[in-house]
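Shown next, in structure tokens, is the structure this report addresses.
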Amino acid sequence: MQSSRLCNAIQRALFQRTIVTSTETIKNEQISNQSSYAPPRQPLKQQFTHQVTNQVPPLERVDLYETDLALKEFVTNENCGRIKEMGAEVGAYHWFEQGHKANKYTPTLHQFDRYGQRIDEVQFHPAYHDLMRLGMRYGVRSC
């Protein structure tokens with residue numbers, strides 16, 4: 001009888017883990033629909049254990065032309081083209097994400113098909129094509 005109480009007490013102690021923040025303590029029993037090992041849906045603003053202070057804020061909705069002083073000095077009315085419009089569009093989170101995907105999934109060369117015939121085909125991730133369309137729309141050429 002006493003061993004079963006001890007067993008129950010140990011199980012309760014193991015399953016009543018708490019997440020401690022600087023402002024509140026949340027018991028995992030109260031969070032019924034989430035796994036205790038799943039990351040939080042939104043990052044905690046203040047963590048009790050540490051604070052991360054050496055990270056830059058995320059680049060979202062930034063006008064890349066207006067924030068680049070060297071580019072603004074180099075670009076004149078004669079060679080401006082549509083670079084001001086492109087700087088405003090490229091600063092959106094969507095294009096940063098597309099660039100990340102294009103760098104992560106590099107082009108792959110397929111020299112042969114499944115029958116052994118030589119095809120020499122390069123497959124690109126769709127993010128490459130989106131970035132190429134963006135560059136073509138604004139007249140950007142390969143360097």
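Every number here is computed from the coordinates shown, using simple stated rules; none is lab data. Note that this is a predicted model, so its numbers are computed, not measured. FYI the Cβ positions are ideal-geometry reconstructions off the backbone, even for glycines, and counts take in every protein chain you see.
Between TYR138 and HIS50, the C-beta separation translates, for a Förster distance of 35 Å, into a calculated FRET efficiency of about 0.25.
So if I take the alpha carbon set of the stretch 64-137, get Rg, then get Rh from the Kirkwood formula, what is the Rg over Rh ratio? My calculation of the ratio gives 1.19. Over every Cα atom in the stretch 47-94, the radius of gyration and the widest Cα-Cα span, Dmax, amount to 15.9, 55 Å. Under 14 Å Cα to Cα from LYS84, which aspartates and glutamates show up? Leave out anything in the same chain fewer than 8 places away. Those aspartates and glutamates meeting the cut-off are ASP63, GLU66, ASP68, GLU73. Residue ranges 127-139, 57-69 sort as 127-139, 57-69 when ordered by packing (mean number of other C-beta atoms within 10 Å per residue, highest first).
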